[in-house]
1. Taking only pairs six or more apart or across chains, which ones have beta-carbon atoms under 8 Å, a first residue in segment B:99-115 that is under 16 Å from B:I25 (Cβ atoms), and a second residue that is modelled with pLDDT under 90 and open to solvent by less than 100 Å² (accessible area, probe 1.4 Å)?
2. Output the residue which, of all residues in segment A:37-68 that are among the acidic types (D, E) and over 31 Å from the mean Cα position of the chain (by Cα), is most open to solvent (accessible area, probe 1.4 Å).
3. Do any residues in segment B:26-43 that are more than 9 Å from chain A (Cβ to nearest Cβ) have Cβ atoms under 7 Å from those of residues that are among the polar types (S, T, N, Q) and crowded, with 16+ Cβ neighbours inside 10 Å, where the two are at least six apart or on different chains, and which pairs are they?
4. Would you confirm, using the coordinates I've provided, whether A:Y16 is of a type in the set (S, T, Y), out of contact with any Leu (no Cβ under 8 Å at 6 or more places or on another chain), surrounded by 10 or more Cβ atoms within 10 Å (Cβ to Cβ) and assigned to a helix (DSSP H, G or I)?
5. Just for segment A:20-36: of the residues that are open to solvent by 40 Å² or more (accessible area, probe 1.4 Å) and either at the interface with another protein chain (Cβ under 10 Å from one of its Cβ atoms) or within 17 Å of A:G57 (Cβ to Cβ) (or both), which one is farthest from the chain's Cα centre (by Cα)?
6. Take A:A71 and decide whether it is of a type in the set (A, V, I, L, M), under 26 Å from A:R18 (Cβ atoms) and surrounded by 10 or more Cβ atoms within 10 Å (Cβ to Cβ).
7. Being modelled with pLDDT under 90, touching a helix residue (DSSP H, G or I) at 6+ places or on another chain (Cβ under 7 Å) and open to solvent by less than 80 Å² (accessible area, probe 1.4 Å) is the filter here, so list the residues in segment B:72-117 that pass it.
8. Give segment B:56-71 a look and list any residue that's buried (at least 24 other Cβ atoms within 10 Å of the Cβ) and facing chain A (nearest Cβ under 7 Å), or say none.
Amino acid sequence: MKPDLTRVYKKLLRLYPRDQRLLFEVEMANTFAAVAEECFAMGWAAVVRFVLTELIGLSREIVGEWNIKFAAEAFRSANLVRARSLLAEGFAALIHAAYESDSRFKNRCGRDPRMMRPAWISWNDWYGDGLWLDDSSVVT
Amino acid sequence: MRHVSPRAKDEIIKPLTEPVMLILISLADRPLHGYALIKEIESLSDGRVRLSTGTLYGAIRRLLADGWIRRFEQDDKSRDKQAYRITPLGYRQLRRELERIEHLTRAAKANLRTRTL
């Protein structure tokens, strides 16, 4: 009496990710059934070898498919985080550009603090020997 | 700086795995379905390689995703068998891989000849 290996195989196919299973389930089961039939005709040794090969191949592929699926998910979520950060950076740059270019905003707050001489640095050390005419140019 | 000659994304040369190589060789002259592919690969490798169904369809899925093979509409759909055929891109990749192997074989033979002298 032949055991119904295809039924067991179909159950094992449920371990695949859903999209992969829907794509190949019927074909895989049919191919498996055809090869199983051939092996039964060749004897029990062939059947045992076939079952072992299939089990090893199937388990390796199932792990591989899930691995690909998880990696894709991780990549997608990482990209989402990156996109959000880029969006935030873009928004900040936009505000900065508006502040820098629009006279209604610019100069309201006085001088750029980055250009101001810290209190603990002497005038000569900070500005050198040049004669400062305004904030942006120096004549030596 | 990487000194790599610019190529289109789909034309990147990567060494093919044995199942992928055997599948492409089997499909090179005619479309085949899953079971026929297993038999063809077994015959090509003189019985050395017998792909499991899982390995075969895993490779088929990757080849379909890369666009190296595509599903082939058969007239007879009664047996629920789906045939696959190689695409021009897959054919190009196969040719490149064969050239790479030929080059390696030539280099290996030359080295072995020098060693025996």
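The values are calculated or read from the model by the stated rules, or taken from the named source; none is laboratory data. Note that the structure is predicted; figures quoted are calculated from it, not measured. Every residue, glycine among them, receives a Cβ derived from its backbone with ideal geometry; neighbour counts consider all protein chains shown. Each accessible area value is taken on the protein alone, full model and side chains, heavy atoms only, with ligands, DNA and RNA left out. Shrake-Rupley method; radii C 1.70, N 1.55, O 1.52, S 1.80 Å.
1. B:R100/B:I13; B:R100/B:P15
2. The selected residue is A:E37.
3. Between residues of segment B:26-43 that are more than 9 Å from chain A (Cβ to nearest Cβ) and residues that are among the polar types (S, T, N, Q) and crowded, with 16+ Cβ neighbours inside 10 Å, the close pairs are B:L32/B:S26; B:E40/B:S26; B:I41/B:S26.
4. So A:Y16 fails the test.
5. Among those that are open to solvent by 40 Å² or more (accessible area, probe 1.4 Å) and either at the interface with another protein chain (Cβ under 10 Å from one of its Cβ atoms) or within 17 Å of A:G57 (Cβ to Cβ) (or both), it is A:N30.
6. It is true that A:A71 is of a type in the set (A, V, I, L, M), under 26 Å from A:R18 (Cβ atoms) and surrounded by 10 or more Cβ atoms within 10 Å (Cβ to Cβ).
7. B:K81, B:Q82
8. B:Y57, B:G58
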